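> One structure follows; several queries about it will come next.
Taken together, the values in this text are just the output of simple stated rules run on the coordinates, not laboratory data. Since the structure is predicted, the reported quantities are computational estimates derived from the model, not experimental observations. We place every Cβ from the backbone using ideal geometry, glycine too, and count neighbours over all the protein chains shown.
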């Protein structure tokens, strides 16, 4: 026998329930991005203490330490997937997108109120946010208004800023050759697994990579070919700079 765990009495159980209810109220006020940061911090802590956690699992469940490390790795895959929830919510209406503000909603034809959100509805019964719109014409030829052009430039700057990191660029280059899980990507870029997990979470929050479940694994892939070609061209420019190759179209 290693230890004894005393049973909780009614008062202790009720206190735990009360604390959980109170914590849920505060958690419910947080936006998805802030919740994701908590999960990323949790991921860091588990990675830091994985050896001691594996020993505890081995001691309490009769597993080998190697098996316990495998259980932790599978659990971390789930945490990494959950940290991408802000990206998974894209395309849906989120009433709590900002910390202290609600999105402004416009109406055109129907002015019925949504009983849950308290917002007016659009012409087809869907909320119509007028803030933070992405230009739908970024792929179309022709003139863009100043607002659309400014938005395109700002978005392009944010994408290029994400690429301005050696680990993230290595991850994107590897994903350009095919989808891969965290273990494969960690080996490919030569960085520590916690660092790889954080970079993947940033890329997923930015909408540059997507994930799918394959059994207990989380598999990553690029969202589109434009990003693959952008990374390839950046590396081609580097080849020209390093090798002093002649310019060409």
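> Which of the residues belonging to segment 15-34 are under 13 Å from the mean Cα position of the chain (by Cα) and farther than 14 Å from residue 198 by Cα?
32, 34
> So, in segment 196-249, exactly how many residues are free of Cβ contacts under 8 Å to residues at least 40 places away in the same chain, outside any helix (DSSP H, G or I), out of contact with any strand residue (DSSP E or B) (no Cβ under 7 Å at 6 or more places or on another chain) and closer than 30 Å to residue 48 by Cβ?
Counting residues in segment 196-249 that are free of Cβ contacts under 8 Å to residues at least 40 places away in the same chain, outside any helix (DSSP H, G or I), out of contact with any strand residue (DSSP E or B) (no Cβ under 7 Å at 6 or more places or on another chain) and closer than 30 Å to residue 48 by Cβ gives 2.
> Taking the condition within 18 Å of residue 170 (Cα to Cα), surrounded by 12 or more Cβ atoms within 10 Å (Cβ to Cβ) and more than 19 Å from the chain's Cα centre (by Cα), does residue 231 pass?
The answer is yes for residue 231.
> Considering only segment 62-74, state which residues are under 13 Å from residue 47 (Cα atoms) and either out of contact with any helix residue (DSSP H, G or I) (no Cβ under 8 Å at 6 or more places or on another chain) or surrounded by fewer than 15 Cβ atoms within 10 Å (Cβ to Cβ) (or both).
Answer for segment 62-74, where residues must be under 13 Å from residue 47 (Cα atoms) and either out of contact with any helix residue (DSSP H, G or I) (no Cβ under 8 Å at 6 or more places or on another chain) or surrounded by fewer than 15 Cβ atoms within 10 Å (Cβ to Cβ) (or both): 70, 74.
> Same structure, new question: Residues being without any contact (Cβ under 8 Å) to a residue 40 or more places away in the chain and either in a helix (DSSP H, G or I) or under 16 Å from residue 41 (Cβ atoms) (or both): count how many of those fall in segment 175-191.
Of the residues in segment 175-191, 6 are without any contact (Cβ under 8 Å) to a residue 40 or more places away in the chain and either in a helix (DSSP H, G or I) or under 16 Å from residue 41 (Cβ atoms) (or both).
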